[in-house]
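Since every read-out is calculated from the coordinates, none of them should be taken as a lab result. What you are looking at is a predicted structure, and each value in this text was computed from that prediction instead of being measured. Note: ideal-geometry Cβ built from the backbone for every residue, glycine included; neighbour counts use all protein chains shown.
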Ligand SMILES: Nc1ncnc2c1ncn2[C@@H]1O[C@H](COP(=O)(O)OP(=O)(O)OP(=O)(O)O)[C@@H](O)[C@H]1O
Ligand SMILES: [Mg+2]
């Protein structure tokens, strides 16, 4: 199996900025890396993404939202993440199952057991080896996300950005609780530094863990000489990661 790293945090905390930096760093270091995102990451899940993030869908029920995330994740895990990990790649995913706990449990108030059951089902019990939580003041993150949306072309994926600040504060608290409960899996970094400072911290920690894994891995699955497995569709998705 490869190594599965997820990036989490409130809107605008810097996930996409940092995951791209890590992708470049690991690729340059010779690792075979696949960059993907949720919701989305493959054709069917990207269609679900457009429903989930469309600000026009104001009437969406919390349960509908939860089930759409689970459906998109089930497809993404089976079609993209599991095969990539089975081939030995390092998989970087921009948001994953912890986001569903922070947003749909802490944010929306759906029972945690319901979310855990759905996550287990959709993920086929797959869990990240490492989760990078970029901890950010919710108001700061929202301001960053909104200015990025204003500056960008394409669809305005901002249904969550339009939620109250208190919603985003609950999401942040939810993430911090998850990190406190699993300190070995989570790497929590403050969003307060410069992009270069944050990426330096993340790269050091990730490279340490990969080296450790490599040292205990008999198959040499992270060899830089193994062929590139990223398909054209996945490359397009990686480019589209926002
Ligand atoms: N450390 C930082 N300092 C200042 N600005 C930053 C920093 N990191 C990211 N930004 C800027 O903040 C904006 C949001 O960053 P980014 O898109 O990476 O966040 P995100 O967590 O992926 O957001 P979303 O949850 O909406 O996908 C971008 O314009 C980015 O350039
Ligand atoms: Mg992003």
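What 222 nm value per residue comes from the helices of the chain, counting each DSSP H run with n ≥ 4 as -39,500 (n - 2.57) and dividing by all residues, nearest 500 deg cm²/dmol?
On the way: 10 runs with 122 residues, N = 242.
Estimated from H runs of four or more residues: -15500 deg cm²/dmol.
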For residue 64 and residue 195, calculate 0.36 nm times their separation in residues minus their Cα-Cα distance, and state this gained length in nm to one decimal.
43.6 nm
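At a Förster radius of 51 Å, what calculated FRET efficiency corresponds to the Cβ-Cβ distance of residue 47 and residue 176, to the nearest 0.05?
Values: r = 32 Å, r/R0 = 0.64.
Approximately 0.95, to the nearest 0.05.
Highest first, please rank the peptides 62-73, 178-189, 81-92, 1-12 by the mean number of other Cβ atoms sitting within 10 Å of their residues.
On the way: 62-73: 18.9, 178-189: 14.8, 81-92: 20.5, 1-12: 24.2.
Answer by packing, highest mean first, reads 1-12, 81-92, 62-73, 178-189.
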Please order 105, 76, 168 by the number of other Cβ within 10 Å, starting at the fewest.
105, 168, 76
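Counting other beta carbons within 10 Å of each Cβ, put 36, 16 in order, fewest first.
Working: 36 24, 16 17.
With the fewest neighbours first, 36, 16 line up as 16, 36.
Rank the residues 213, 47, 58 as a footprinting-exposure proxy: fewest other Cβ atoms within 10 Å of their Cβ go first.
Values: 213 17, 47 13, 58 8.
Exposure proxy ranking, most exposed first: 58, 47, 213.
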Distance from a point 7 Å along Cα→Cβ of residue 121 to each backbone N in region 26-52: keep the residues under 15 Å and list them by number.
none
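Hey, with R₀ at 22 Å, roughly what FRET efficiency would residue 140 and residue 164 work out to, going by the Cβ-Cβ distance, to 0.05? Let's see the in-between values first.
Numbers: r = 16 Å, r/R0 = 0.72.
That gives a FRET efficiency of 0.90.
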Between helix 165-181 and the chain, what is the angle of the helix's C-alpha long axis to the longest principal axis, kept within 0 to 90° and rounded to the nearest 10?
40
Taking a crude spin-label model, label points 7 Å out from Cα along the C-beta direction, the residue 215 to residue 111 distance in nm is 4.5
Stokes-Einstein D for the chain at 25 °C, 0.890 mPa s, Kirkwood Rh over Cα pairs, in µm²/s?
135
Any idea what angle helix 112-123 forms with the longest principal axis of the chain, computed on alpha-carbon atoms, 0 to 90 degrees, nearest 10?
40
